[in-house]
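Read the structure below first, then the notes.
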Amino acid sequence: MTPFFSSPIPVIAFHRVLPYKNSISVTIDEFDHYLQWFRKRGFRSLTSAQFERALAGEEVVERGLVITFDDGYRDNCYIAAPLLEKYGMNAILFVVTGKIKDEQTGQPTDTWLEEGDERYLSWDEIKSMVDSGIFELHSHTHSHDSSWINSSSANIRQVVQQDIAISVQTLRDQGYTHEIHLAWPWGYFRQEWLDDLSALGIRFSYTTQPGTNYPGCDIRKIMRLSGEKPFDYIKRLCSVGSSPALGRALNSASRTWSAMRGRP
């Protein structure tokens, strides 16, 4: 049985860091403030391998957290990466492999940053991010298809499995050989999709259900806190979540709320 005193690990989910705030972005100042607060409170960011060992009970982690970015926007390279480096932190990049560009598309400009164009990274940019040691690369599926959510198609299970398989193979073709983690688009999944992950070589998948993670939790349903929520929310849940007893109470309440909404 997992010791009750095992230290929970919060996972923070971001998408973009921009000069302005919208539903999927934080501002540059906000992100800087987040990282500064994490550092002052003694949190250290974990790699996926460290996270794996911590959840397996193979490595004791005190005040660890995981920082993630979903989708693969270019500002992750030009804005988020330098700020992570400034505070000695690292992050996981979950990319939609079908949206990643084969070639560079020019240097970012103030214009596109202000306009908020959905400009995605190129493979060369991703390589530079990974080579720096600041980011590591994982899957956010190949298509990020919103039709999965309400689909009643008889073959939706096969469609999802194929899409994830293409994403994993794309990462392999780009030379990435580490164990791949998956972040579900919009945090949506079905139980049978989870059951198919092992055949795809995936053990860890991430949701958008708020909560923290600890040895013995379901690693196919990693909980995450949204970085786009108000900063006080993040501080409060990180503080609560880092307490073993309160962290488990938070998770229990989150699972109950999810069940009431009909989510897995």
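Tabulated data for the structure shown
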read-out: Check on residue 128, over 14 Å from residue 76 (Cα atoms), at pLDDT 70 or above and either polar (S, T, N, Q) or surrounded by 13 or more Cβ atoms within 10 Å (Cβ to Cβ) (or both); value: no
read-out: Spans of helices (runs of 4 or more DSSP H) in segment 1-104 with at least 2 residues within 15 Å of the chain's Cα centre (by Cα) and touching a residue at least 60 places away in the same chain (Cβ under 8 Å); value: 48-55
read-out: Scan of segment 192-234 for residues that are assigned to a helix (DSSP H, G or I) and farther than 20 Å from residue 163 by Cα, ordered by number; value: 231, 232, 233, 234
read-out: Scan of segment 35-82 for residues that are over 23 Å from residue 182 (Cα atoms) and among the β-branched types (Val, Ile, Thr), ordered by number; value: 60, 79
read-out: Positions within segment 213-247 being β-branched (Val, Ile, Thr), closer than 19 Å to residue 92 by Cα and at pLDDT below 95, in sequence order; value: 234
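Yes/no per residue for (1) within 21 Å of residue 220 (Cβ to Cβ); (2) at pLDDT 95 or above:
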| site | (1), (2) |
| --- | --- |
| 29 | no, yes |
| 41 | no, no |
| 58 | yes, no |
| 74 | no, no |
| 92 | yes, yes |
| 98 | no, yes |
| 105 | no, no |
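The values are calculated or read from the model by the stated rules, or taken from the named source; none is laboratory data. The model shown is predicted, which means the values in this text are computed figures rather than measured ones. In this analysis, Cβ positions are derived from the backbone assuming ideal geometry, glycine residues included, and neighbour counts consider all displayed protein chains.
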